[in-house]
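Asker: Okay, handing you the structure first.
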There are 4 protein chains.
Amino acid sequence: MAVRAAVAGASGYAGGEVLRLLLAHPQVEIGTLTGNSNAGQRLGALQPHLLPLADRILAPTEADALTGHDVVFLALPHGQSAAVAQQLGDEVLIIDCGADFRLEDAGDWERFYGSPHAGTWPYGLPELPGARDALEGSKRVAVPGCYPTAVSLALFPAYAAGLVEPEAVIVAASGTSGAGKAPKPHLLGSEVMGAMSPYGVGGGHRHTPEMIQNLSAAAGEPVSVSFTPTLAPMSRGILATCSAKARPGVTAESVRAAYEKALQDEPFVHLLPEGQWPSTAAVYGSNAALIQVAHDAAAGRVIAISAIDNLTKGTAGGAVQSMNVALGLPEELGLPTTGIAP
Amino acid sequence: MAVRAAVAGASGYAGGEVLRLLLAHPQVEIGTLTGNSNAGQRLGALQPHLLPLADRILAPTEADALTGHDVVFLALPHGQSAAVAQQLGDEVLIIDCGADFRLEDAGDWERFYGSPHAGTWPYGLPELPGARDALEGSKRVAVPGCYPTAVSLALFPAYAAGLVEPEAVIVAASGTSGAGKAPKPHLLGSEVMGAMSPYGVGGGHRHTPEMIQNLSAAAGEPVSVSFTPTLAPMSRGILATCSAKARPGVTAESVRAAYEKALQDEPFVHLLPEGQWPSTAAVYGSNAALIQVAHDAAAGRVIAISAIDNLTKGTAGGAVQSMNVALGLPEELGLPTTGIAP
Amino acid sequence: MAVRAAVAGASGYAGGEVLRLLLAHPQVEIGTLTGNSNAGQRLGALQPHLLPLADRILAPTEADALTGHDVVFLALPHGQSAAVAQQLGDEVLIIDCGADFRLEDAGDWERFYGSPHAGTWPYGLPELPGARDALEGSKRVAVPGCYPTAVSLALFPAYAAGLVEPEAVIVAASGTSGAGKAPKPHLLGSEVMGAMSPYGVGGGHRHTPEMIQNLSAAAGEPVSVSFTPTLAPMSRGILATCSAKARPGVTAESVRAAYEKALQDEPFVHLLPEGQWPSTAAVYGSNAALIQVAHDAAAGRVIAISAIDNLTKGTAGGAVQSMNVALGLPEELGLPTTGIAP
Amino acid sequence: MAVRAAVAGASGYAGGEVLRLLLAHPQVEIGTLTGNSNAGQRLGALQPHLLPLADRILAPTEADALTGHDVVFLALPHGQSAAVAQQLGDEVLIIDCGADFRLEDAGDWERFYGSPHAGTWPYGLPELPGARDALEGSKRVAVPGCYPTAVSLALFPAYAAGLVEPEAVIVAASGTSGAGKAPKPHLLGSEVMGAMSPYGVGGGHRHTPEMIQNLSAAAGEPVSVSFTPTLAPMSRGILATCSAKARPGVTAESVRAAYEKALQDEPFVHLLPEGQWPSTAAVYGSNAALIQVAHDAAAGRVIAISAIDNLTKGTAGGAVQSMNVALGLPEELGLPTTGIAP
């Protein structure tokens, strides 16, 4: 029994990655694909890597085109999902890859996005405490941001186990696909190659409140986050270096034990053997998150590092994984844990 | 009924890619993995992207370890396959990703490789005229070189249809994985990034006689090849720009028609719609070859361009595709035609 | 006695590179800088690498702002130079980095650029036969295109010496800066990294008639050109692989001798020792062109390969070199022949 | 009156960059160049970008070859400088690009380098308080490590002004040239492109004690450092993201004022205008360090970010700058503050 899926925003990077994964999903049949300015074009001209769908024509992103599916993936610019969702009704599973329904606090939303808050949907990071239960059977899913995925997976075990102080310091490097496909001068290849560049420094990045929300929930107390994102000269991947001051009595062994316990049953989050550190190269195109953690006794800090593919585990893979959970399918169905390297 | 497969040389790039594809193949069970200097190590330390096989330990590359499989993939340095093959017996399917059994002419082998010729096996490029028949039921397969794959797919339709003169001019750009994993100064990231560099110019590259062999067979007459390979700053991918003088009477229409006819039934070789040119980005990790062809009336030449992933269609994907044909499985089984982009 | 120079189009890649070179020129004083949509902005916000000019404010590109200089460099979109030049008068040296005045044949211009032909100025590639004389004392210079620079330097010795047939086959790889700074989707870093992509295949590239013009002049007969440009995943650099059928009696020795003779006195064009091939990495930021040539006896062709930095020798360095010649300064003054590597 | 300079280790990345800069230095004449395994080879075969020195032959790295110069730059593997220095005598200026003489504490040296401590020389980062005085007239200079250069320039103003707590958290991304030219598998282009990878996590990197030394000196009290280096897919550049908890009463204004005061007279360290963040792209090949600083009130931290070229300001540029100071030449002589972009 096939699940019929539509993708709104099929010409962008998130939409394209959803399609790449759905093509390999044994229970999904790909239905309508929509675009905005690209409606009417062949998908092959826009996403030439999706060869099996090359002759599909994009429909306009309208409710009419999207009805009649079991699942609708929304890969739209921020702020556009609520209107579409409302028109599709309560019975269809809607998975929003945008930011609209991630935050619980309306004030945070308004401060960072500058528009009225549309609401809060179950959060599509099944690995977080309680998240899997909330997703099962849900008809709505808010897919996490790519940075919050990487950071939350790296740090929630430390906060859940009370290992560290509630002040996290995070520096993350992201591939350029995280910035989307709309052409802007600073995203040109000529500008990006050979360049490491920070942006949104000092608390300004929109993913900061989402990290605070997740880490505070894990810690059971408010956690402050100093987050510095940087743009790296690669298409895909996030490497998040996360640290916080170790609480008294914490040791290398207690840190390792807490991470092993928190992650041992997770199909997609993999704690590496001691001494091996994650690299984005190992998760290229994979839904796996690789994690390593260390206790720096001299500096008195716990350092957790995660590597994900921002478009796979960080967006489209997280979306399909959440779809599996919401529909009651095996969580791993159709999702790769093998990356492409070198 | 599972096909049990061993991979000799599992720590290298070709071996790793064979494993990546076999992990997704529905009828293959992965058996022994071997390495040379890496024997005894966890695969996870050498190929961290192959997460499902992370705890496998490499055996030494010896016949003992490789017996008891239905298929053995050899991803060994040139010149080492014959000895291993001999020990494994006639009943096991052996697929050699190395060069040892590709050439028909012993003199060519000796001139380019400097050692005695080991023999000639059925050639694992099913798309070439007659190749599929020779592979069916064979217990031996010589996987083509990556450049000859790209070039032969781009030009065989022109030669088979008699469109062009028997003097081909080829300039190809390859990602660095084509040069393998053995560390050499000129392959360091610091040297490679930002650099386009030719090598083996003027007929010296070992893949030249293999191209001549394939194109001459298609043409039914000896074809000369001027081949210039260049190293491009990317890990994967070959873009081959191939041209030859058009014969009298050739037109854009006759060229297009010949290519459509030659490629229309191929599952992995895709002639793009007119006006769209192949890019290596669209076949990253895919077994597809993208082809486009044009007639430059002013210069009097036919120009055919192909893009492949050198490790997938150019090596490991070609190997698995040939395995499918040799075993009588559906040729496309387990092989992606979807690339990873961006 | 300082030469006072203005740069129109200082916010683009060509303009920025002219400024980088002028900053190191011992006889030039940098005057007015202009921009179009960026007029009124600090140069430091647009070209942060030009630190000594960070506080300069861009004036609008108008004749008023550009008068009162000894030299005006025009780095404007094609078609805009003629109008500006006319207003500046005959006494100022105008060096046009655009295409407007490169072609001698008005029909070629109209066919490839679709607008009326503005005229022909002395051609700023001093290494071509006769070019240096035409530049000396001239008040107008048309800076060559980047591809024609690379290709003409590689092939003019072969044509001038009558070594090859008048049918050149050229495949060139260029860094993305050659496509300029205007943001377009296919030039995004996400699209470009990991990708080799051809464009303008089959004679369509605007630089083709310029190559034909230069090579035909060197040969003394019409030369046809099959030119395939490809976009490479790097910011800068052109590697041009150029070949043509060897004429009867041509040998490796006669080829080498012809190139040595043609290039021996050139300060910027360097024939490498036998066996060493040019790489774009060696000319990053340098005004040098590296050349190597081989005779492929089996294929019957002469293959010449050049590497340049498309923005330096291919644009701004060629412009400053021509300025030196036009003003009677030492031709090498202020121009680097050292690249930045790795 | 020319300064005659020798370079020991001319075939490596540091030695090559010293030569690139010396070629542009108006008062330096380049004398003997030495190599180890490359002795006897043409420099042009090893460093093809140094075209003006292409025909130089490398001498073996022995005292005989190095005597008779005013300055000797040592670009040797760690641990080899002391023996060479001893043989050269006290009157020649020796500038050691290696680590041997950087640390003041012999215990630190032995813990991190595992060999006896050779001593401590004046530290070649003139921007640090007191450093310039120690360098003037000195016959010995220890060039700082690349990471310590980036980190110390970013944070010393905050520590000198007492703005932050003595616990620094640093995450830095470096281009691959920082790892040198000796070929190792993890530095292959195939491995590096598309990859962000941490290493030496948790206090293990040898540059950590050097950062502690510099920051503690600036603070006047012991500063702990949590340092995570990461390898980025680019040849050159370091982006260092450095933060520490703000002390009570610190404001955005007081932070800005302290940095302006500390850096205002520095020729190579440039505090960017507010709102503009440093990128490695802007200092490619330049001796400039770009700095920006912010106060994140919500997280209670001061964040300072620096961008340098690891081979220029981070090694060879720092070396030449220190030579200028030691010899009483103008500090900026021959050193670029212009980068190459894009």
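The values are calculated or read from the model by the stated rules, or taken from the named source; none is laboratory data. Note that the structure is predicted; figures quoted are calculated from it, not measured. Virtual Cβ from ideal backbone geometry, glycine too; neighbours counted across all protein chains shown. In case anyone asks, the SASA skips ligands and DNA or RNA and just uses the protein heavy atoms, side chains included. Shrake-Rupley method; radii C 1.70, N 1.55, O 1.52, S 1.80 Å.
Asker: Structure shown: which of A:K313/B:K181; A:K313/C:K181; A:K261/A:K313 lie over 23 Å apart, alpha-carbon to alpha-carbon?
Answerer: Going by Cα-Cα distance, A:K313/B:K181; A:K313/C:K181 fall outside the 23 Å limit.
Asker: Output wanted: per-residue J couplings in Hz (rounded whole) for segment D:253-266, from phi through Karplus 6.51 cos²θ - 1.76 cosθ + 1.60, θ = phi - 60°, x for Gly and Pro.
Answerer: Running phi through 6.51 cos²θ - 1.76 cosθ + 1.60 with θ = phi - 60° gives 5, 5, 5, 4, 4, 5, 5, 4, 5, 5, 10, 4, 9, 7 Hz.
Asker: Then there's this: Helix C:208-219 versus the longest principal axis of chain C: what angle, 0 to 90°, nearest 10, using Cα atoms?
Answerer: Approximately 60 degrees, to the nearest 10.
Asker: Can you find, among A:S224, A:A246, A:A304, the residue farthest towards the positive end of the dipole of segment A:192-342? Put +1 on the C-beta of Lys and Arg, -1 on that of Asp and Glu.
Answerer: Selected residue: A:S224.
Asker: Give me the percent relative contact order of chain A, please, defined on Cα pairs under 8 angstrom at least 6 residues apart.
Answerer: Over chain A, the number comes to 18 percent.
Asker: Oh, and also: Considering only the label points, 7 Å along Cα→Cβ from Cα, what distances in nm to one decimal separate C:A2 from the same position in each other copy, shortest first?
Answerer: Counterpart label points of C:A2 in the remaining copies fall at 2.9, 7.3, 7.8 nm.
Asker: Longest exposed-loop-site-free stretch of chain C, with GluC sites (Glu not before Pro), DSSP loop and at most 10 other Cβ within 10 Å?
Answerer: Counting only loop sites that pass the neighbour cut-off, the longest clear stretch is C:92-273.
Asker: Then there's this: If you take the C-alpha gyration tensor of segment A:1-108, multiply each eigenvalue by 5 and take the square root, what semi-axes do you get, largest first, in whole Å?
Answerer: Working through the eigenvalues yields semi-axes of 22, 16, 13 Å.
Asker: Could I ask something else about it? What does DSSP give for chain B in terms of the percent of beta bridges that are antiparallel, rounded to the nearest 5?
Answerer: Rounded to the nearest five, the antiparallel share is 45 percent.
Asker: Helix B:146-160 versus the longest principal axis of chain B: what is the Cα-based angle in degrees, 0 to 90, to the nearest 10?
Answerer: Relative to chain B, helix B:146-160 is tipped by roughly 40 degrees.
Asker: Averaged per residue, what accessible area in Å² does the protein assembly as shown show with a 1.4 Å probe, protein chains only?
Answerer: That works out to 32 Å² for each residue.
Asker: Could I ask something else about it? With r as the distance between the Cβ atoms of C:Q87 and C:S37 and R0 = 22 Å, compute the FRET efficiency 1/(1 + (r/R0)^6) and round to 0.05.
Answerer: It comes out at approximately 0.60.
Asker: With +1 on each Lys and Arg Cβ and -1 on each Asp and Glu Cβ, how big is the dipole of segment A:68-112 about its Cα centre, in debye rounded to the nearest 20?
Answerer: 180 debye
Asker: When you take every Cα atom in segment B:136-210, what is the radius of gyration, and what is Dmax, the widest Cα pair distance, in Å?
Answerer: 15.9, 46
Asker: Oh, and also: Given B:H49, B:G89, B:A75, which one lies farthest toward the positive end of the charge dipole of segment B:36-98, if we put +1 on the Cβ of every Lys and Arg and -1 on the Cβ of every Asp and Glu?
Answerer: Value: B:H49.
Asker: Got a sec? What order do A:H295, A:H205 fall in by accessible area at 1.4 Å, biggest, i.e. largest, first?
Answerer: These residues rank, largest area first, as A:H295, A:H205.
Asker: Also: Leaving out ligands, DNA and RNA, what percent of the accessible area of the protein assembly as shown is carbon and sulfur, probe 1.4 Å?
Answerer: 50 percent
Asker: Ok, one more. Give the Rg/Rh ratio for chain B, taking Rg as the radius of gyration of the Cα atoms and Rh as the Kirkwood radius, to two decimals.
Answerer: Result for chain B is an Rg/Rh of 0.96.
Asker: How would A:D105, B:D96 rank on accessible area, largest to smallest, probe 1.4 Å?
Answerer: A:D105, B:D96
Asker: Right, something else. What is the average number of partner chain Cβ atoms found within 10 Å of a Cβ in B:238-244?
Answerer: What the average comes to for B:238-244 is 5.
Asker: Given labels modelled 7 Å from the Cα in the Cβ direction, how far is it in nm from C:E104 to B:R4?
Answerer: 7.6 nm
Asker: Calculate the radius of gyration of the Cα atoms of segment D:72-228 to one decimal place, then report Dmax, the largest Cα-Cα distance, as a whole number, both in Å.
Answerer: Just the Cα atoms of segment D:72-228 yield Rg and Dmax of 16.5, 48 Å.
Asker: Using C-alpha positions alone, give me the convex hull volume of segment A:205-320 per residue in cubic angstrom.
Answerer: Spelled out: Cα convex hull of segment A:205-320, divided by residues, is 133 Å³.
Asker: Using the Cα atoms as the points, what is the convex hull volume per residue of segment A:220-263 in Å³?
Answerer: Per residue, the Cα convex hull of segment A:220-263 comes to 144 Å³.
Asker: Lysines within cross-link reach of D:K245: Cα-Cα under 17 Å, excluding same-chain residues under 8 positions apart?
Answerer: Partners found: A:K245.
Asker: Okay, next question. From a point 7 Å beyond the Cα of C:E29 in the direction of its Cβ, which residues of segment C:52-88 have a backbone N at a distance under 15 Å?
Answerer: C:68-71
Asker: Considering only protein heavy atoms, with the full assembly of protein chains and a 1.4 angstrom probe, order D:T67, D:T61, A:T34 by accessible area, largest first.
Answerer: Listed by decreasing accessible area, they come as D:T67, D:T61, A:T34.
Asker: Just checking the output field for A:169-180: average partner chain Cβ neighbours within 10 Å of each residue's Cβ?
Answerer: Mean shielding by partner chains, rounded to a whole number: 6.
Asker: How big is the antiparallel share of DSSP beta bridges in segment C:172-323, given as a percent to the nearest 5?
Answerer: Among the beta bridges of segment C:172-323, antiparallel pairing accounts for roughly 75 percent.
Asker: Could you pull the accessible area for A:H186 with a 1.4 Å probe, rounded to 10 Å²?
Answerer: 110 Å²
Asker: Work out the length of the dipole vector of chain D about its Cα centre, built from +1 on the beta-carbon of each Lys and Arg and -1 on the beta-carbon of each Asp and Glu, and round it to the nearest 20 debye.
Answerer: In debye, rounded to 20, chain D gives about 740.
Asker: Starting from the Cα of B:R111, step 7 Å along the direction of its Cβ; do the same at D:A297; then give the gap between the two resulting points in nm.
Answerer: 7.8 nm
Asker: Provide an ascending nm list, one decimal, of label-point separations from A:E29 to the equivalent residue in each further copy; define each label point as 7 Å from Cα along Cα→Cβ.
Answerer: 3.4, 7.8, 8.5
Asker: Choose one of C:G130, C:V169, C:A142: the residue whose Cα lies farthest towards the positive end of the charge dipole of segment C:126-185 (beta-carbon charges +1 Lys, Arg; -1 Asp, Glu; about the Cα centre).
Answerer: Of the candidates, C:A142 comes out farthest on the positive side.
Asker: Here is a further query. Give the Cα extents of segment D:164-261 along the principal axes, in whole Å, largest first.
Answerer: 49, 25, 20
Asker: Right, another one. Would you pull out the residues with amide H under 5 Å of C:V28's amide H, same chain only if 5 or more places away, H placed 1.01 Å from N?
Answerer: C:V3
Asker: Between C:E221 and C:K261, what is the spin-label point distance in nm, taking each point 7 Å from the Cα along the Cα→C-beta axis?
Answerer: If labels sit at C:E221 and C:K261, their model points lie 1.9 nm apart.
Asker: Here is a further query. Once the principal axes of the Cα atoms of segment A:91-173 are found, what is the range along each, listed largest first in whole angstroms?
Answerer: 42, 31, 23
Asker: Between helix A:317-327 and chain A, what is the angle of the helix's C-alpha long axis to the longest principal axis, kept within 0 to 90° and rounded to the nearest 10?
Answerer: On a 0 to 90 degree scale, this one is about 70.
Asker: Hey, another quick one. If you take every DSSP beta bridge whose two residues both sit in the protein assembly as shown, what share of them, in percent to the nearest 5, is antiparallel?
Answerer: If we restrict to bridges inside the protein assembly as shown, about 45 percent are antiparallel.
Asker: To the nearest 100 Å², how much accessible surface do chains C and B hide from each other in total, with a 1.4 Å probe?
Answerer: Separately minus together, C and B give about 3000 Å² buried.
Asker: At each listed q (0.04, 0.05, 0.07 Å⁻¹), what is the log10 of I(q)/I(0) that the Debye formula gives for the protein assembly as shown modelled as equal alpha-carbon point scatterers?
Answerer: Treating every Cα as an identical point scatterer, log10 I(q)/I(0) equals -0.23, -0.36, -0.74.
Asker: State to the nearest 20 debye the size of the charge dipole of the protein assembly as shown about its Cα centre, where the only charges are +1 on K and R beta carbons and -1 on D and E beta carbons.
Answerer: 0 debye
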